[in-house]
1. Need one number: nm distance between label points at D142 and R232, each 7 Å from Cα along Cα→Cβ, rounded to one decimal.
2. List residues of region 251-278, by number, whose backbone nitrogen lies under 16 Å from a label position 7 Å along Cα→C-beta of L284.
3. Please report, in debye to the nearest 20, how large the charge dipole of the chain is about its Cα centre when each Lys and Arg carries +1 at its beta carbon and each Asp and Glu carries -1 there.
4. Any idea what diffusion coefficient region 4-145 gets from Stokes-Einstein, in µm²/s, Kirkwood Rh on alpha carbon pairs, 37 °C, 0.692 mPa s?
5. Given charges of +1 on the Cβ of Lys and Arg and -1 on the Cβ of Asp and Glu, with all other atoms neutral, how large is the dipole of region 315-381 about its Cα centre, in debye to the nearest 20?
6. Let me understand region 315-381 better: what is its radius of gyration from the alpha carbons, and its Dmax, in angstrom?
7. In nm, what is the difference between 0.36 nm times the number of residues separating V188 and E20 and their Cα-Cα distance?
8. So for the pair E352, R296, with labels modelled 7 Å out along Cα→Cβ, what separation do we get in nm?
Amino acid sequence: MGRTLTILGSTGSIGRQTLEVAGAGGHKVAALTFGHNVKLAEEQARRFHPKLIATPEEHTAADLRARLADTDVRVLSGEEGLMEAASLPEADTAVSAIVGVAGLRPTLAAIDAGKRLALANKETLVCAGELVTARAKARGVDIVPVDSEHSAIFQCLQGAHLREVRRLILTASGGPFYGMDRKALSLVTRADALKHPNWSMGQKITIDSATLMNKGLEVIEAMRLYGLPLERVDVAIHRESVVHSLVEFADGAILAQLGSPDMRLPIQYALTWPDRTEGPAKPLDLFSCPPITFQRPDVETFRCLGLALECAKTGGTSTAVLNGANEVAVGLFLEEKIGFLDIERLVEGALERVKPVQDPSLDDIFEADRAARQAVYGLTR
Ligand code: NDP
Ligand code: MG
């Protein structure tokens, strides 16, 4: 069935691939949101004819409005603009692909408007998972994960009951610095960290993959999506990125989803679920696959993963503090203002300074995020 989409973060890595999938699969596009890439937003508007495009800043919106003066596309700015795009009545599906906690409010707006949620923005679940899933349940909204590991698990769980699940096993490539010791890690550069061995993604998630924070965020994402405790979500380093994740059932059977590392497949599945259709994703050639291996992660060397697992156990606003501090630290690393190991040092420092609140409201979560950011800036001054 063709769907009508609102794509939050259409100019990003997931947003662009969603448009490829939409173009190939005959899905319509009702609304788009973006950050700063006006040129690409204009191209997307001319190709996909959305009714509405929104962007946070008015000067960016004014630029796009001028570029699209010969069309009837409405261009809005500010949080209200993003919320209107997220809840546009014409769309039946929202693809949540803004990076970071900036995606939280628009994602909630899409849920409140009753859209199917194709969720890539893991930070939303890390910061406010219980709130988001409770709201989706109350509204009768399906959350279909786009993150490749969670999509793999979602696929393995089709037709199964959660009570039959012993544990989820998330695979991790290990990133570009797999096997390095702390001394070597202290010397890696921004350029080294941006070279992911298997996936091409936005800059923030690429750095998170290098620190293994990404896997920590994904453990929390999986716990929130399925309401499982930390003891039932494991991580296995799997260098080849062929097995996208696994589910172990009560009888000891393990199901896995395999594929080439191509995000267009999980994106497409989130749109077409429960159906499967032809699509642009590259098929996996079993006979040219490397041998498949699994190892335990090293949480001592890759401290960000250890910190995330501690926050997963603590719960409450600790995961929002973890995320907010990490967003700022990764930004500083990308600006080459701090070193690679400073990311974990700053996140740990913020976690020591900002005390967690249990059963948080949305306001508590935004306050924890703000305090975490301030703590990191304080530590770098
Ligand atoms: P990108 O950085 O490539 O894209 C982010 C998108 O969000 C862009 O459209 C950007 O606009 C927009 N944006 C950035 N900041 C803001 C803001 N403050 N307000 C509104 N819009 C904003 O990220 P990715 O596509 O890589 O990732 C998106 C999400 O999906 C992340 O949460 C990531 O963890 C998750 N994900 C990504 C995967 C991937 O393969 N890329 C895999 C699994 C999950 P602009 O560029 O115009 O400034
Ligand atoms: Mg992932």
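1. 2.2 nm
2. Residues passing the 16 Å test: 254-267, 269.
3. Details: 42 positive and 49 negative charges, 44 e Å.
With only Lys, Arg, Asp and Glu charged at Cβ, the dipole is about 220 debye.
4. Values: Rh = 14.6 Å.
It comes out at roughly 224 µm²/s.
5. Numbers: 7 positive and 12 negative charges, 48 e Å.
My answer is approximately 240 debye.
6. 11.4, 37
7. Working: separation 168, 0.36 × 168 = 60.48 nm, distance 3.42 nm.
Contour length minus the Cα-Cα distance gives 57.1 nm.
8. Inter-label distance under the simple model: 2.7 nm.
No value in this document is a laboratory result; all are computed from the given coordinates. Since the structure is predicted, the reported quantities are computational estimates derived from the model, not experimental observations. Positions of Cβ are backbone-derived with ideal geometry, glycine not excepted, and every protein chain shown enters the neighbour counts.
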